[in-house]
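The values are calculated or read from the model by the stated rules, or taken from the named source; none is laboratory data. The structure presented is a predicted model; accordingly, all values stated were derived computationally and were not measured. Methodologically, a virtual Cβ is constructed for each residue, glycine included, from the backbone with ideal geometry; neighbour enumeration extends over all protein chains shown. All accessible areas refer to the heavy atoms of the entire protein, side chains included, with ligands and DNA or RNA removed. Shrake-Rupley method; radii C 1.70, N 1.55, O 1.52, S 1.80 Å.
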Protein chains: 2
Amino acid sequence: MEAVRFELIKTCKQSGARLGKLHTPHGVIETPIFMPVGTQATVKSMTPEELKDIGSQIILSNTYHLYMRPGQEIIKKAGGLHKFMNWDKPILTDSGGFQVFSLGPLRKIHEEGVEFRSHLDGSKHFISPEKSIEIQNTLGSDIMMAFDECAPYPAERDYVKNSLERTTRWLKRCKEAHTNTEKQSLFGIVQGGMYKDLREQSAKEITDIELPGYAIGGLSVGEPKNVMYDVLEHTTPFLPKDKPRYLMGVGSPDDLIEGVIRGVDMFDCVLPTRIARNGTAMTSMGKVVVRNATYQEDFTPLDPNCDCYTCRNYSRAYLRHLVKTNEILGARLLTIHNLYFLLSLMEKVREAIKEDRLLDFRKEFFSNYGYEI
Amino acid sequence: MEAVRFELIKTCKQSGARLGKLHTPHGVIETPIFMPVGTQATVKSMTPEELKDIGSQIILSNTYHLYMRPGQEIIKKAGGLHKFMNWDKPILTDSGGFQVFSLGPLRKIHEEGVEFRSHLDGSKHFISPEKSIEIQNTLGSDIMMAFDECAPYPAERDYVKNSLERTTRWLKRCKEAHTNTEKQSLFGIVQGGMYKDLREQSAKEITDIELPGYAIGGLSVGEPKNVMYDVLEHTTPFLPKDKPRYLMGVGSPDDLIEGVIRGVDMFDCVLPTRIARNGTAMTSMGKVVVRNATYQEDFTPLDPNCDCYTCRNYSRAYLRHLVKTNEILGARLLTIHNLYFLLSLMEKVREAIKEDRLLDFRKEFFSNYGYEI
């Protein structure tokens, strides 16, 4: 039996959004869900217990980064990534493709795979679909992602077409290489850039390969939001209804809501954790840049509508002091808040789907958030 | 009534070390005790709850740093330091003297006080004994320290004598300036460098001024350990038995034990938290430099004899990975461990005093710790 199995619970009568459950070897995930990113075997600044406390059901980790440091051998000897980092809930690992392609001049694409130099020490490496699966097998993630190319934006049609077709060929090789199907599941990735017909082509090619889940890659790469929503709207209809759909690298509050309405079940993004370490909070009234002088003597919580640990215990003035003095606790408290904000947003979204009122919820949310729809 | 009151419970028959209780407006502290340092209104990387979980009874914070950032006014408006940082247990604040004197060429000493330039923006400031008390009154710490000069090491006898006599004059002015005695207590500081007769002179002058506690400053400033122990041994006998004795800036495991045996009740030091952020752990077998390649595939805990959160859940290999990749969680986990190590060491020391076997305990401790006595 496949390690990961999706159960579609219902569809929102108002919006068409999906409510589901994803059964994995490390527990059941309620969808739609946001997945915090733990790039280097740690969600930056957080302990596993804190992640659970704020409602994280699954985290994402990075094959490329873990392959570089600490390396495959050490995680193998540790008994896999779950044990190494002390996280007993589900893990999704990306394939390393996105990171390797981001290396720009440091990498060279062949049909066989990608040759690249380490961003750390310049050492030479080669990752192929087979190698990516081998590493992900060692990591022992519940969900493994196919080794794909995320085409840059903007990109010529010919480039994108060639690239997506190679991604399909690579997916076949990934599936071939992956034999540990009872403990780990492989998801394919639809590409096609901003070309709707190429999205259709890719979605058909990718879903022709029978897998327990499919992702949409290559969005939120610099294109305007309306383009992303438009492409998304023309991609999800080509994905099977009985499989989970994962929109990669997307994590702003508005994009999560818009994505769910367009039929997406899973999201991940470094945004909430990255901006937290920069001193920016996501709140129900929009962004709060804690560093701003406005908050110097503001003894109210970050978000008056939030009941996270940070908002229950600390003032904006104290958080500003921590951020201005580069204190680790500042990064921690903002990370807790931002992740809690997105995770509880998704909880409210699930609630709204249950009650067939997701469009109403979107309207309410955006009226506070200060965003026009 | 004085805000802070010391109760001497007993003296160890084997070592002469003291067991006591320090009653403060924010609770009772069992002594001997180590006080974690929260320089900028945060013990670096730790939440207040985590500090309590590992047994912190009191923390120290820094007048100079808080005066610079966020500034006196903001903490006043927040309702004091306890409220600002969300810590409801006792706080001790230093006077700012040590930091100001550390500024070297940036400061100038007058009888009236010290003129200095900010280490942050070069702006001009002036701190006098009266100003230090005023700031500490605003902070609302349970224990305030007198504004003193910590003479450098080495220093000429004449310099040290002049300096300690000024410190006495400054203490009188501090006491005069401090009227909030029901909510905050002032401790005097004995100086005198490495000159035993000057230590005696200072101790007599300082303790002639009636106060609820006395500190020993100017040790652990670069002198050899045996010199420090020797000077300490010739200072504590001049301090009253019914008042707490605080050895400032001392916090290595061996120094804590040696200090307690020489009659000290309270200690503080940035050492455990600072070396933690550098990737060094204090363990029952001595220092562990986690970064070392030795620990690359070491899946045992930092200290097999420790039951802190870090040792119960993570391997040296994982901690090394976090330290090598500069992950915040690495600094956090090592800080938790190091503080727990010192706080539980002091708990064992208190237990040993109760049972009149502190010299035996010292012997056992050092036999594992790899330190000759």
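The residues listed here are A:275, A:257; of these, the one that is modelled with pLDDT of 95 or more, assigned to a helix (DSSP H, G or I), open to solvent by 10 Å² or more (accessible area, probe 1.4 Å) and under 30 Å from residue A:310 (Cα atoms) is A:275. Tell me, please, whether a residue that is in contact with a Ser or Thr (Cβ under 9 Å, 6 or more places away or on another chain), away from every other protein chain (no Cβ under 14 Å) and within 19 Å of residue B:48 (Cβ to Cβ) can be found in segment A:249-270. The answer is no; no qualifying residue exists. State yes or no: is residue B:14 more than 14 Å from chain A (Cβ to nearest Cβ), open to solvent by 40 Å² or more (accessible area, probe 1.4 Å), in a loop (DSSP other than H, G, I, E, B) and modelled with pLDDT of 95 or more? Yes. Among the candidates A:147, A:101, single out the residue that is within 21 Å of residue A:269 (Cα to Cα) and modelled with pLDDT of 95 or more. From the options A:147, A:101, the qualifying one is A:147.
Taken over segment B:157-214, residues that are over 26 Å from residue B:91 (Cα atoms), among the aromatic types (Phe, Trp, Tyr) and part of a helix (DSSP H, G or I) amount to 1. On the stretch given as segment B:126-158, residues that are touching a residue at least 12 places away in the same chain (Cβ under 8 Å) and open to solvent by 30 Å² or more (accessible area, probe 1.4 Å) total 9. Evaluate segment A:54-67: report whether one residue or more is within 11 Å of chain B (Cβ to nearest Cβ) and open to solvent by 30 Å² or more (accessible area, probe 1.4 Å). Within segment A:54-67, one or more residues are within 11 Å of chain B (Cβ to nearest Cβ) and open to solvent by 30 Å² or more (accessible area, probe 1.4 Å).
Among the numbered conditions (1) surrounded by 15 or more Cβ atoms within 10 Å (Cβ to Cβ); (2) on the phi < 0 side of the Ramachandran plot, the only one that residue B:307 does not meet is (1). Applying the set (1) open to solvent by 40 Å² or more (accessible area, probe 1.4 Å); (2) away from chain A (no Cβ under 12 Å); (3) within 15 Å of residue A:322 (Cα to Cα); (4) not aliphatic (A, V, I, L, M) to residue B:21 leaves exactly one unmet item: (3).
Selection of segment B:338-373 for residues being among the polar types (S, T, N, Q) and at pLDDT 95 or above yields B:338, B:344. Within segment A:240-254, which residues are crowded, with 23+ Cβ neighbours inside 10 Å and closer than 13 Å to residue A:18 by Cα? A:244, A:245, A:246, listed by residue number. When we screen A:264, A:349 for residues that are in contact (Cβ under 8 Å) with a residue 60 or more places away in the chain, crowded, with 22+ Cβ neighbours inside 10 Å and touching a strand residue (DSSP E or B) at 6+ places or on another chain (Cβ under 6 Å), the only hit is A:264.
Quick check on this structure: which one of A:162, A:86 is modelled with pLDDT of 95 or more, surrounded by fewer than 18 Cβ atoms within 10 Å (Cβ to Cβ) and either in contact with a strand residue (DSSP E or B) (Cβ under 7 Å, 6 or more places away or on another chain) or under 22 Å from residue A:203 (Cα atoms) (or both)?
Sole residue among the options that is modelled with pLDDT of 95 or more, surrounded by fewer than 18 Cβ atoms within 10 Å (Cβ to Cβ) and either in contact with a strand residue (DSSP E or B) (Cβ under 7 Å, 6 or more places away or on another chain) or under 22 Å from residue A:203 (Cα atoms) (or both): A:162.
Residues in segment A:352-373 that are touching a Gly at 6+ places or on another chain (Cβ under 7 Å) and either buried (at least 17 other Cβ atoms within 10 Å of the Cβ) or at negative phi (or both): A:369 only. For the structure I just gave you, tell me whether residue A:66 is closer than 24 Å to residue A:103 by Cα, modelled with pLDDT of 95 or more and more than 12 Å from the chain's Cα centre (by Cα). So residue A:66 fits the description; yes. Among all residues of segment B:217-233, there is none that is in contact (Cβ under 8 Å) with a residue 24 or more places away in the chain, under 26 Å from residue B:143 (Cα atoms) and assigned to a strand (DSSP E or B). Output the residues belonging to segment A:89-107 that are within 26 Å of residue A:247 (Cα to Cα) and either assigned to a loop (DSSP other than H, G, I, E, B) or open to solvent by 10 Å² or more (accessible area, probe 1.4 Å) (or both). Within segment A:89-107, A:89, A:90, A:94, A:95, A:96, A:98, A:99, A:101, A:102, A:103, A:104, A:107 meet the criteria. Taken as a whole, the structure leaves residue A:111 outside the set of residues that are touching a Phe, Trp or Tyr at 6+ places or on another chain (Cβ under 6 Å), more than 9 Å from chain B (Cβ to nearest Cβ), surrounded by fewer than 23 Cβ atoms within 10 Å (Cβ to Cβ) and among the acidic types (Asp, Glu). So which of A:73, A:50 ends up being at the interface with chain B (Cβ under 9 Å from one of its Cβ atoms) and open to solvent by 10 Å² or more (accessible area, probe 1.4 Å)? After applying the criteria, what remains is A:73. Being within 23 Å of residue A:175 (Cβ to Cβ) and assigned to a helix (DSSP H, G or I) is the filter; apply it to segment A:76-88 and report the residue that is nearest to the chain's Cα centre (by Cα). Once the filter is applied, the top-ranked residue is A:81.
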